[in-house]
1. Take LEU155 and decide whether it is modelled with pLDDT under 95 and either outside the structural domain of ARG343 (by TED's automatic domain parsing) or of a type in the set (A, V, I, L, M, F, W, C) (or both).
2. Could you please find all residues in the range 35-52 being under 20 Å from the mean Cα position of the chain (by Cα), within 24 Å of LEU130 (Cα to Cα) and outside any loop (DSSP other than H, G, I, E, B)?
3. Looking at (1) assigned by TED's automatic domain parsing to the domain that holds GLU336; (2) among the β-branched types (Val, Ile, Thr); (3) within 23 Å of the chain's Cα centre (by Cα), find the lone condition where THR161 falls short.
4. Give me the pairs: first residue in the range 114-135 and of a type outside the set (Val, Ile, Thr), second residue in a helix (DSSP H, G or I), beta-carbon distance under 6 Å, and six or more apart or on different chains, which are they?
5. For the range 326-342, give me each residue that is of a type in the set (A, V, I, L, M, F, W, C) and touching a helix residue (DSSP H, G or I) at 6+ places or on another chain (Cβ under 7 Å).
6. Mind listing just one residue for me: the one in the range 98-133 that is more than 18 Å from CYS75 (Cβ to Cβ) and aromatic (Phe, Trp, Tyr) and, of those, surrounded by the most Cβ atoms within 10 Å (Cβ to Cβ)?
7. Read through the list (1) among the aliphatic types (A, V, I, L, M); (2) under 24 Å from the mean Cα position of the chain (by Cα); (3) within 20 Å of SER194 (Cβ to Cβ); (4) assigned to a strand (DSSP E or B), then give the number of the only condition that LEU261 fails.
8. Name every residue in the range 294-350 that is surrounded by 14 or more Cβ atoms within 10 Å (Cβ to Cβ), modelled with pLDDT of 95 or more and among the charged types (D, E, K, R), in order of residue number.
Amino acid sequence: MSKRFQRGLVVGKFSPLHRGHEFLIQRALAECDEVVVISYSKPEWPGCEAVRRDEWFAAVFPQVRHLAVTDERLCAWVKPGEGLREVPANDANETTHRRFCGFLCQHVLGITVAAVFTSEAYGDGFAAELTRFFREQQPTAASVIHVLIDLQRQLIPISGTLLRQDIHALREWLSPRVYASFVQRVCLLGGESSGKSTLAKELGRAFGTTYVAEYGRELWEAKSGALVFDDMRQIAEEQLRRENEAVLRARQYVFCDTSPLTTLFYSRHLFGKADPSLERLAERVYDANILCAPDFAFIQDGTRQPETFRRLQHEWYCAELSRRGMSYLLVTGSLETRIDQVRKALSSRT
């Protein structure tokens with residue numbers, strides 16, 4: 001059974017893509033054989049840039065045709081003298097924005113649309129201007145129909161403006177895959193018996209969020225310490241996979257007990273070399289790095305190197321983080337003191 005429209009259009013800033021947008025797009029999908037989404041904002045909101053919007057739509061609506069527009073992309077799509085090469089500012093007049101969308105449809109995407117879906121009172125004027133624009137290029141073009149959805153926001157009472165005020169408190173209005181973009185990844189590093197794993201777990205508890213345990217330790221125990229070179233790459237890849245899964249359940253922060261940088265250290269120490277892919281993974285940038293000082297009493301549990309190795313490892317982290325230009329917080333003292341140091345450092349970032 002054919003749908004009401006061959007092709008529908010949805011336009012917005014999607015800063016961020018929220019449940020209200022999803023409801024609108026789902027309605028468009030229910031009524032159209034094809035749905036095109038155009039997103040742009042000038043200026044763009046931090047954390048909602050075009051690359052991020054590309055990721056959101058690929059994850060949440062892979063079936064739509066999404067065009068995230070920036071000045072740089074527009075200049076790549078449109079040759080000089082062949083049309084618009086600059087995104088209009090957010091405060092430009094309505095006609096400018098409407099005709100810009102018409103230009104994108106015809107000259108970038110090579111399409112016209114049968115309907116435009118909005119939750120705004122301006123939708124009728126938008127549809128009328130699109131009709132005029134299309135008929136300037138093709139006089140026989142059909143009229144664009146405006147489909148109005150939930151004007152009063154009674155079904156989905158949320159807006160991008162409201163979300164940007166406190167995105168963490170209002171995270172239920174975002175898909176987990178969208179909210180994950182706003183979760184800060186905090187990496188904990190430290191030598192053996194420096195309290196790193198305990199701190200990661202307790203930080204998760206203190207902040208009411210998730211933490212990612214150290215997979216390398218788990219694999220070491222499963223193989224009774226008989227790790228081989230290829231295990232190093234597997235450890236780093238699995239650690240990051242678990243990290244990416246944890247952010248979907250996190251609130252504001254996810255605390256990561258180690259990173260591929262640790263695996264790189266052990267690969268070089270145990271085998272004198274590292275897989276090139278592990279070297280690349282070790283370049284991963286975190287929102288914050290926490291380095292645990294080796295000021296806890298050293299506990300030899302039968303699996304660790306001598307205490308002198310802990311100091312060597314700590315000094316390597318200090319040097320390597322500095323060499324890579326990665327800032328870090330050195331935490332010292334008791335567990336409670338360290339949690340307080342982390343809390344103060346993270347609160348200063350917001």
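The values are calculated or read from the model by the stated rules, or taken from the named source; none is laboratory data. Since the model is a prediction, treat every value here as computed from it, not as a measurement. We place every Cβ from the backbone using ideal geometry, glycine too, and count neighbours over all the protein chains shown.
1. Numbers: modelled with pLDDT under 95: yes; either outside the structural domain of ARG343 (by TED's automatic domain parsing) or of a type in the set (A, V, I, L, M, F, W, C) (or both): yes.
Taking the combined requirement at face value, the residue satisfies it.
2. Listed by number, the residues that qualify are VAL37, ILE38, SER39, ALA50.
3. Among (1) assigned by TED's automatic domain parsing to the domain that holds GLU336; (2) among the β-branched types (Val, Ile, Thr); (3) within 23 Å of the chain's Cα centre (by Cα), the lone unmet condition for THR161 is (1).
4. PHE117/LEU24; PHE117/ALA28; SER119/LEU24; PHE126/ARG98; GLU129/ARG98; LEU130/GLY102; PHE133/ARG99; PHE133/GLY102
5. Within the range 326-342, LEU329, VAL331, LEU335, ILE339, VAL342 qualify.
6. PHE117
7. (4)
8. GLU320, ARG338, ASP340, listed by residue number.
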